[in-house]
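To keep things clear, I will list the structure first and then write my remarks on it.
The values are calculated or read from the model by the stated rules, or taken from the named source; none is laboratory data. Predicted model, so just to flag it, every value in this text is computed and none were measured. Here the Cβ positions follow ideal geometry from the backbone for every residue, glycine too, while neighbour counts run over all protein chains shown.
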Amino acid sequence: MSSQSTCHAGTDSGEYDVGAGAGSAGLLHSLFRTKPIDQVVHEDGQGEGGELKRTMGLWQLTLFSVGATLGTGIFFVLGQAVPVAGPAVVLGFVLAGVTALFSALSYAELAGTIPVSGSSYSYTYATMGELVAWVCGWCLLLEYAVSVSAVASSWGGYLNDFFDAAFGFTLPQAISHTPGDEGGVVNLPAVIIIALAMVLLLQGTSESATANTIMVSLKMVVLAFFCVVAFTAFDTGNFSSFAPMGWAGISAAGSKVFFSYIGFDAASTAGEEAKNPKRDLPLAILLSLLIVTVIYVLVGVAAVGAMPWQDFDSDTSLADVLNLATGNASWASLILSFGVVISMGTVVLTVLYGQTRILFAMSRDGLVPKVFERVGRNSVPVANTVIVCAFVALLAAVVPLGQLAEATSIGTLFAFSLVNLGVIVLRRTRPDLPRSFRSPLFPITPIIGVALCVYLMAGLESVTWLVFLIWLAVGMVAYFGYGRRNSKLARARTSD
């Protein structure tokens, strides 16, 4: 393959491609070959295995992101954040929301410009090349698989809380906890929640979106219930010393609650199943972030208003605040525990959906086996969904995840960084592309987005970095052993 033919193939689409050459230079160039955006958009939901179907509107896309973001974090994060910020924890939520906003703006721009499945993986392939895209996709696989396994694994404990409040009994330790927990043998509730999510996903995207809409609505009703009840015990005196630790406390609280915002990008994985992706994807991403931020601030105000901030410690949950406000009324605990169980269900459903669509996009590009792009009768990648759910169920049922779950944070922040960089690259290489949304104050906003992600990554524990680096090393073996050899883009270039 000549350098001339490769460059020509890239420039036909107005796309930047470094071309290929001999020796080490040719290898380097091949690793950073970009996928022409015209080709990315033209594929539009279809691969050799079949075509995805556009069934999701703006509200469904928005609630997909809300469902992935609004998990169990808000029910328990106040115990970690309030002691370091006091009543100013509400500003900590706003600070975390603004921090997430910088990356959300970049996601919104790329989602409207490149409205396809695969989220940041697909955006990176079109802007920074195949190797970077592979690394991004590989990190997303770690993030999605481990995070949904961790959520499913802990679902049994919260299900027991609900059973205890409602019926006065709990499931035996042996069948509700993993072997790493005392008395745990196999976590059957984790398998059940994943199986239920799989059944919904196999019914079709529209059916999954409808189920998610119902569950997210129930979750928001439960949080509204908490706010209403907590406000009945509201004491303005609890806010008299609003920021006892000053800006340092607000900043510390913002860092602790930031990870409660992860998931706003879920709508971007549905790019090829959205009815009007160029309009709806950017709106869904930004609306979901706004909705979640408003809910978090309201919950924070209600909680601190009902319980003096000095009484919060690392074990404090919304249930403790509710018990104080109602005098330990059992009905209040029952409703809140129901909300936690539903919250975890929406996270499992939406994250599993996102992972299957990322694998669909990677399979269509030849970087993972073709089985992941085969679409069945309901316009669903059936084998893909079954394989992912079976793997995640096994992981959640018998593997003690422990600190491995924290690795999801670094994978997420890494993907956020690449999306911010992708906006900068694409503005330079393809300024002519029609964009349904433009990130304001360019290039300041994506640069700040990258800086904030790097800052948060630097603050993660060394064991998290170790897991991340080991995962990357395994990914490099997989890429050079399979992905690079089977890449459809490489074969297309060779045939030029």
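Among the residues of this structure, Ala329 does not count as one that is closer than 13 Å to Val229 by Cα, touching a helix residue (DSSP H, G or I) at 6+ places or on another chain (Cβ under 6 Å) and not acidic (Asp, Glu).
For the range 422-436: of the residues being without any contact (Cβ under 8 Å) to a residue 40 or more places away in the chain, part of a helix (DSSP H, G or I) and more than 23 Å from the chain's Cα centre (by Cα), which is nearest to Glu109 (Cα to Cα)?
The first filter runs over the range 422-436 and keeps only residues without any contact (Cβ under 8 Å) to a residue 40 or more places away in the chain, leaving 424, 427-428, 431.
Narrowing further to those that are part of a helix (DSSP H, G or I): 424, 427-428.
From what's left, more than 23 Å from the chain's Cα centre (by Cα): 427-428.
Values: Arg427: 10, Arg428: 14 Å.
In this case the residue turns out to be Arg427.
The condition (being modelled with pLDDT of 90 or more and over 20 Å from the mean Cα position of the chain (by Cα)) is satisfied by just one residue among Leu352, Leu367, Leu359: Leu367. In the condition set (1) over 27 Å from Ala96 (Cβ atoms); (2) in contact (Cβ under 8 Å) with a residue 60 or more places away in the chain; (3) in contact with a helix residue (DSSP H, G or I) (Cβ under 6 Å, 6 or more places away or on another chain); (4) part of a helix (DSSP H, G or I), Leu418 is compliant with all but (1).
When you scan the range 437-453, how many residues do you find that are part of a helix (DSSP H, G or I) and loosely packed, with under 15 Cβ neighbours inside 10 Å?
First pass over the range 437-453, keeping only residues part of a helix (DSSP H, G or I): 444-453.
Keeping just the survivors that are loosely packed, with under 15 Cβ neighbours inside 10 Å gives 444, 451.
Matching residues across the range 437-453 total 2.
Is it the case that Tyr482 is among the aromatic types (Phe, Trp, Tyr) and under 30 Å from Leu95 (Cα atoms)? When the stated conditions are applied, Tyr482 does not pass them. All conditions but one from (1) outside any helix (DSSP H, G or I); (2) within 30 Å of Glu182 (Cα to Cα) apply to Leu394; the one that does not is (1). Taken over the range 239-257, the criterion of being more than 13 Å from Pro83 (Cα to Cα) and in contact with a Pro (Cβ under 6 Å, 6 or more places away or on another chain) is satisfied by Phe239 alone. Can you work out which of the residues in the range 205-217 that are crowded, with 16+ Cβ neighbours inside 10 Å and of a type in the set (A, V, I, L, M, F, W, C) is farthest from Leu58 (Cα to Cα)? Among those that are crowded, with 16+ Cβ neighbours inside 10 Å and of a type in the set (A, V, I, L, M, F, W, C), it is Met215.
The residues of the range 372-384 that are in contact (Cβ under 8 Å) with a residue 60 or more places away in the chain and under 20 Å from Trp138 (Cβ atoms), listed by number, are Glu373, Pro381.
Test Val292 against the criterion of being part of a helix (DSSP H, G or I), of a type outside the set (Asp, Glu) and buried (at least 22 other Cβ atoms within 10 Å of the Cβ), and give yes or no. So that I can check it myself, show each step before the final result.
On the way: part of a helix (DSSP H, G or I): yes; of a type outside the set (Asp, Glu): yes; buried (at least 22 other Cβ atoms within 10 Å of the Cβ): yes.
Yes, satisfied.
Going through Ser462, Ser487 one at a time, which residue ends up being in contact (Cβ under 8 Å) with a residue 40 or more places away in the chain and either surrounded by 14 or more Cβ atoms within 10 Å (Cβ to Cβ) or more than 19 Å from Tyr107 (Cβ to Cβ) (or both)?
Working: Ser462 fails: in contact (Cβ under 8 Å) with a residue 40 or more places away in the chain.
Result: Ser487 is the single residue among Ser462, Ser487 that is in contact (Cβ under 8 Å) with a residue 40 or more places away in the chain and either surrounded by 14 or more Cβ atoms within 10 Å (Cβ to Cβ) or more than 19 Å from Tyr107 (Cβ to Cβ) (or both).
If we scan the range 396-408, do we find a residue that is free of Cβ contacts under 8 Å to residues at least 60 places away in the same chain and crowded, with 22+ Cβ neighbours inside 10 Å? No, the conditions are met nowhere in the range 396-408. From Gly137, Gly79, Gly97, grab the single residue that is part of a helix (DSSP H, G or I), over 30 Å from Gly271 (Cβ atoms), modelled with pLDDT of 85 or more and touching a Phe, Trp or Tyr at 6+ places or on another chain (Cβ under 8 Å). Matching residue, one of Gly137, Gly79, Gly97: Gly79. Residue check: Leu202 meets all listed conditions (1) over 30 Å from Ala88 (Cα atoms); (2) surrounded by fewer than 16 Cβ atoms within 10 Å (Cβ to Cβ); (3) not β-branched (Val, Ile, Thr) but one, namely (2). The residue that is farthest from Ala165 (Cα to Cα), counting only those in the range 312-339 that are in a loop (DSSP other than H, G, I, E, B) and free of Cβ contacts under 8 Å to residues at least 12 places away in the same chain, is Gly327.
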